[in-house]
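In what follows, a single structure is set out as structure tokens and then discussed.
The values are calculated or read from the model by the stated rules, or taken from the named source; none is laboratory data. Just so it is clear, the structure is predicted and the values come from calculations on it, not from any experiment. All Cβ positions, even for glycine, are placed from backbone atoms using ideal geometry, and neighbour counts span all protein chains on display. For accessibility, only protein heavy atoms count, side chains too; no ligands or nucleic acids. Shrake-Rupley method; radii C 1.70, N 1.55, O 1.52, S 1.80 Å.
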Amino acid sequence: MIHSEKMEVRDIPALELKGLNKSYGSFCLDEISFSIPKGYITGLIGPNGAGKSTLIKMIMGMIVPDRGEIFMHGQRISTDEGAFREDIGYVSDENIFYDFLTLGEIVRMTAPFYKRWNEPKLRQLMNIFQLPEKKRLKDCSKGMKMKFSIALAMARDPKLLILDEPTAGLDPVFRRELLQLFGEYIQDESRTILFSTHNTDDLDRIADYITFLNQGKVVFSDSKDDVIDRYVIVKGVSELLDADIRQHFAGLRETAHGFEALSPDRGEAVRLFGDSVLYERPTLEDIMYYTSRGEGLFGQSGIIHS
């Protein structure tokens, strides 16, 4: 983890969400409350349809919540004013620019809208990302479009950088370099990143905190290390399972050879099984997979049969 030397969370969060609710037919964001510590990278994870994009759009003022409040650096956000967007750099997984324009034309149209626009920084990033100014956006690959969006967002010198699937379409080598760039971006401790992604490997590398959404609710919002230390993968023979023990697991997979399950409480799992099972440290992908499958692949029993 890049920020292991920082031991204390800042007193005033970069972003704080209190009781956010939004209903769309059968889908509902339900009482979303969590804070994003200043000076760190917070990962936002969850399966498709969990509400991540809706939540980000509420933060950006694109969607008005039915109720609840959003605070940025201690000040309540007012979507009517919109001045708070000056401090936010937003990178969407969707193209928001005109395809027929060149990259240089888009830069010249964008720069005047931002007071802290950093032209030397933009040029540096365009060079690092190998983005030719005369290339039309419609002729760029998905990866190039994402790089360009990141360059524009970072050139604004935002205090909060919100990234929605920023590494999608990028090759593994450049992804590593980009993650390093994000780590360097927050080194002065005044900048913060909210990183929403399906690629939990990226968050395993750089995130300090993790917020997990599932079916419109917050499953947890905590230090990544605390989350990883709290959960544990348990592997053993099926004879060890009974109805009470099954209820202990966040998710359970049974095969002809035994079971593999995710326990949300490492200490309780050790108390239940002792030395009769194998214990493994989970990844964020493991935690998201088992926890989010409760009413889907697992069915009502929370069990996968294979």
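Here are some notes:
- Whichever residue in region 167-182 is out of contact with any Lys or Arg (no Cβ under 9 Å at 6 or more places or on another chain) and closer than 14 Å to Ile41 by Cα and, among such residues, is surrounded by the most Cβ atoms within 10 Å (Cβ to Cβ): Phe182
- The condition (being at pLDDT 95 or above, surrounded by 11 or more Cβ atoms within 10 Å (Cβ to Cβ) and touching a strand residue (DSSP E or B) at 6+ places or on another chain (Cβ under 7 Å)) is satisfied by just one residue among Val270, Val277: Val277.
- Near pairs, Cβ below 6 angstrom, 6+ apart or cross-chain, from region 70-89 (within 22 Å of Asn21 (Cβ to Cβ) and assigned to a helix (DSSP H, G or I)) to any residue that is modelled with pLDDT under 90 and open to solvent by 50 Å² or more (accessible area, probe 1.4 Å): none
- Residue match in region 142-157 (condition: in a helix (DSSP H, G or I), surrounded by fewer than 16 Cβ atoms within 10 Å (Cβ to Cβ) and aliphatic (A, V, I, L, M)): no
- Boolean, Ser53 is out of contact with any Lys or Arg (no Cβ under 8 Å at 6 or more places or on another chain) and open to solvent by less than 40 Å² (accessible area, probe 1.4 Å): no
- Unmet criterion (only one of (1) more than 14 Å from Leu152 (Cα to Cα); (2) in a helix (DSSP H, G or I)) for Glu105: (1)
- Odd one out for Glu285, checked against (1) closer than 22 Å to Ser196 by Cα; (2) buried (at least 16 other Cβ atoms within 10 Å of the Cβ): (2)
- When Leu163 is tested against the conditions (1) open to solvent by 30 Å² or more (accessible area, probe 1.4 Å); (2) touching a strand residue (DSSP E or B) at 6+ places or on another chain (Cβ under 7 Å), the lone failure is (1).
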